[in-house]
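*Asks:* To start, I am sharing the structure in question, which I have written as structure tokens.
Every number here is computed from the coordinates shown, using simple stated rules; none is lab data. Here the structure is a predicted model, which is why all the values come from computation and not from measurement. Cβ placement follows ideal geometry from the backbone for every residue including glycine, while neighbour counts extend to all protein chains displayed.
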Amino acid sequence: MEALKGVRILDMTHVQAGPTCSQLLAWMGADVIKFEPPQGDATRGQLRDVPNADSLYFTMLNCNKRSITVNMKTAEGKQVFVDLLKSCDIVMENFGPGVLDRFGFPWEKIHAINPRIVMGSIKGFGSSGPYADFKAYENVAQAMGGAMSTTGVPEGPPYVTGAQIGDSGTGLHLAIGLLAALRQAERTGLGQYVEVAMMDGVMNLCRVKWRDHQRLWHGGLSEYSVPTHKGMGAAPRAGNDSGGGQLGNAIHCKPGGPNDYIYVVVQEAVWDALAKRIGAELDMPDLATDPKFATIGERRNNQAQMWQLIGELALKYSKRELMQILNELDVPCGPIMSTEDLFNDAHVKLRDMMVELDHPQRGRWHNVGMPIKLSASAAKIERSPLLGEHTEEVLRQVLGYDDARIASLKSAGAFSVPPRKA
Ligand SMILES: CC(C)(COP(=O)(O)OP(=O)(O)OC[C@H]1O[C@@H](n2cnc3c(N)ncnc32)[C@H](O)[C@@H]1OP(=O)(O)O)[C@@H](O)C(=O)NCCC(=O)NCCS
């Protein structure tokens with residue numbers, strides 16, 4: 001059985017941060033009703049690759065959901081919303097600050113309508129504090145949560161990561177909060193308001209940088225390859241340094257293309273075997289006993305030289321060949337996988353992490369699979385819904401509306417495009 005079978009979610013989320021969360025919950029079996037404005041989630045039309053088809057931006061984040069369109073700027077639309085609130089276990093949103101209040105539905109009112117319901121809310125900066133009124137997108141959260149200032153190299157600009165830690169990362173945080181609150185509501189009969197600020201989520205994901213920030217009060221950071229010193233202040237950008245107790249770096253391999261790199265962690269336990277292999281290949285038979293590299297402390301002090309030696313070894317092999325060699329020595333390592341590499345990777349296929357789906361507008365397409373594997377409740381991934389595909393189905397099946405009621409709501413504009421803001 002699906003783990004969340006029987007849980008119904010009123011999903012008002014849009015763009016990426018919220019839909020990431022509701023898609024995961026849908027993959028765990030929740031009945032997710034995507035509650036869209038009549039013009040639809042803006043991402044349906046953003047970055048389109050196929051004319052007149054929902055974009056991949058939308059399809060990849062909204063699988064296994066039902067779509068209902070409701071105009072919340074009409075009294076009739078609001079009534080449909082209230083009826084759905086009474087029929088759901090969770091309501092979730094990631095509107096800009098103040099949108100729900102303008103609809104006339106702050107949390108207190110939602111709680112009064114259905115005391116059991118759990119409400120999930122994502123904001124750029126939360127509902128309190130000096131930044132509370134500001135909107136946010138992925139890179140704004142990365143900028144303000146500490147990720148950008150610690151990504152890149154000291155002499156270059158700050159960089160964003162390719163991983164969507166501001167949006168998808170926040171969605172994951174929200175999923176955890178919602179499941180905890182749902183468990184509590186099941187026991188107490190009372191729902192609560194679960195808020196995740198994107199900035200807070202990014203700070204949480206930068207935890208080791210806060211470790212380093214405080215270590216700098218007491219001294220330099222010996223594992224960093226870039227200069228650090230006591231009293232330095234901010235944790236610096238440190239390129240591809242490992243960020244952990246072991247030394248690590250990305251090493252260029254044969255034939256030297258932009259993704260021909262392998263990330264190598266020189267774990268304390270593997271130095272002897274690695275040094276013997278490097279020594280044999282580079283004609284340095286004494287490397288394993290060289291005092292310059294004998295301890296992790298010495299290797300930290302002489303890491304530029306150590307990486308140069310590993311780099312010389314790497315130039316003889318492709319990243320896959322070197323992965324095999326290093327795996328045999330039990331050295332933790334990973335080739336830098338491009339999207340093309342991953343798309344064709346046997347391991348990825350075997351773990352259902354790239355799934356092929358059909359879609360009435362775009363035909364065959366692929367989505368990244370479910371990363372959380374439940375042993376008795378495997379995710380069955382289904383395509384995203386068309387705009388309003390399930391409006392009538394939900395009105396009838398969930399709310400028990402009859403034909404006459406649906407027709408009168410339609411003529412009152414409950415499901416049509418609202419007038420533009422003056
Ligand atoms: C992402 C974000 C910047 C987008 O901003 P935006 O496009 O201006 O969208 P907003 O959420 O502020 O506003 C949505 C509008 O659609 C309207 N709307 C939404 N659903 C509606 C419905 N069912 N019926 C009628 N109107 C609807 C809202 O009323 C609002 O209009 P208003 O400003 O007249 O009240 C903003 O939503 C935000 O900061 N969200 C929180 C942080 C976040 O999740 N960011 C990451 C996104 S990946």
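*Asks:* Once every Cα of the stretch 36-170 carries one equal point scatterer and solvent is ignored, give the base-10 log of I(q)/I(0) from the Debye formula at q = 0.09, 0.22 Å⁻¹, two decimals.
*Replies:* Here the Debye-derived log intensity ratios amount to -0.37, -1.40.
*Asks:* Taking amide hydrogens as modeled 1.01 Å from N in the peptide plane, which residues meet the under 5 Å criterion relative to VAL194, leaving out close sequence neighbours?
*Replies:* For VAL194, whose amide H was placed from the backbone, the distant partners under 5 Å are MET119, GLY120, SER121.
*Asks:* Between rounded, prolate and oblate, where does the stretch 265-422 land on the alpha carbon gyration tensor, with a ≥ b ≥ c its root eigenvalues, rounded for a/c under 1.5, else prolate if a/b exceeds b/c?
*Replies:* Prolate, since a/c reaches 1.5 and a/b exceeds b/c.
*Asks:* Can you work out the Karplus-derived ³J(HN,Hα) for every residue in the stretch 160-174? Use 6.51 cos²θ - 1.76 cosθ + 1.60 with θ = phi - 60°, whole Hz, and x for glycine or proline.
*Replies:* Residue by residue, the stretch 160-174 yields 7, 8, x, 5, 8, 6, x, 8, 5, x, 5, x, 5, 4, 5 Hz.
*Asks:* Based on the alpha carbon coordinates of the stretch 109-215, what radius of gyration and maximum Cα-Cα distance (Dmax) apply, in Å?
*Replies:* Rg and Dmax of the stretch 109-215, Cα atoms, are 16.4, 55 Å.
*Asks:* I'd like the trypsin sites (Lys or Arg not before Pro) in the stretch 255-333 restricted to DSSP loop residues with at most 15 other Cβ atoms within 10 Å, sorted by number.
*Replies:* LYS292, LYS316
*Asks:* Taking θ = phi - 60°, what integer Hz values does the Karplus form 6.51 cos²θ - 1.76 cosθ + 1.60 yield along the stretch 250-267, in sequence order, with x for Gly and Pro?
*Replies:* Going residue by residue, I get 8, 10, 6, 10, 5, x, x, x, x, 10, 7, 10, 10, 8, 10, 10, 8, 5 Hz, with x marking Gly and Pro.
*Asks:* What shape does the stretch 169-277 take by its C-alpha gyration tensor, where a ≥ b ≥ c are the square roots of the eigenvalues and a/c under 1.5 counts as rounded, a/b above b/c as prolate, and the rest as oblate?
*Replies:* Here the stretch 169-277 falls in the prolate category.
*Asks:* Need one number: convex hull volume per residue for the stretch 76-147, Cα atoms only, in Å³.
*Replies:* In the stretch 76-147, the Cα hull volume divided by residue count equals 103 Å³.
*Asks:* Could you give me the ³J(HN,Hα) list for the stretch 279-296, computed from phi with Karplus coefficients 6.51, -1.76, 1.60 and θ = phi - 60°, whole Hz, x at Gly and Pro?
*Replies:* Calculated HN-Hα couplings, in order: x, 5, 6, 9, 6, 10, x, 9, 4, 5, 10, 5, x, 5, 10, 5, 10, 5 Hz.
*Asks:* What residues qualify as long-range amide H neighbours of LEU4, i.e. H under 5 Å apart, gap of 5 or more or another chain, H built at 1.01 Å from N?
*Replies:* So LEU4 has HN proximity to GLY29, ALA30.
*Asks:* Could you state the number of Å between the C-alpha centres of the stretch 356-422 and the stretch 136-169?
*Replies:* Here the answer is 33 Å between Cα centres.
*Asks:* Still on this structure, I have one more. Assuming a ≥ b ≥ c are the square roots of the Cα gyration tensor eigenvalues, decide whether the stretch 1-80 counts as rounded (a/c under 1.5), prolate (otherwise, with a/b larger than b/c) or oblate.
*Replies:* oblate
*Asks:* Further question on the same structure: What percent of all Cα-Cα pairs in the chain falls in each 10 Å bin, counting up from 0?
*Replies:* Distribution as computed: 4, 18, 25, 22, 15, 10, 5, 1, 0 percent.
*Asks:* Within 10 Å of each candidate Cβ there may be at most 11 other Cβ atoms; applying that plus a DSSP loop requirement, which trypsin sites (Lys or Arg not before Pro) in the stretch 93-196 survive?
*Replies:* Listed in order of number, the matching sites are LYS135.
*Asks:* Counting other Cβ atoms within 10 Å of each Cβ, which GluC sites (Glu not before Pro) in the stretch 150-210 have at most 16 and sit in a DSSP loop?
*Replies:* GLU155
*Asks:* Also, I was wondering about something else. Long-range amide H contacts for ALA136: which residues qualify at under 5 Å (H placed 1.01 Å from N, peptide plane, sequence gap of 5 or more or a different chain)?
*Replies:* Answer set, sorted by chain and number: GLY124.
*Asks:* Roughly how many whole Å is it from the C-alpha centroid of the stretch 274-306 to that of the stretch 102-124?
*Replies:* 60
*Asks:* Between ASN259 and VAL153, what is the label-to-label distance in nm when each label sits 7 Å out along the Cα-to-Cβ direction?
*Replies:* According to this spin-label approximation, the distance is 2.2 nm.
*Asks:* Can you give the calculated 222 nm mean residue ellipticity of the chain, where each DSSP H run of n ≥ 4 adds -39,500 (n - 2.57) and the sum is split over every residue, rounded to the nearest 500 deg cm²/dmol?
*Replies:* Counting only the DSSP helices, I get -10000 deg cm²/dmol.
*Asks:* Can you order the peptides 70-81, 21-32 by their average number of other Cβ atoms within 10 Å per residue, highest first?
*Replies:* Answer by packing, highest mean first, reads 21-32, 70-81.
*Asks:* So if the hydrodynamic radius of the stretch 223-344 is defined as the Kirkwood radius over C-alpha pairs, what does Stokes-Einstein give as its diffusion coefficient at 4 °C and 1.567 mPa s, in µm² per second?
*Replies:* Value of D from the Cα-based Kirkwood radius: 86 µm²/s.
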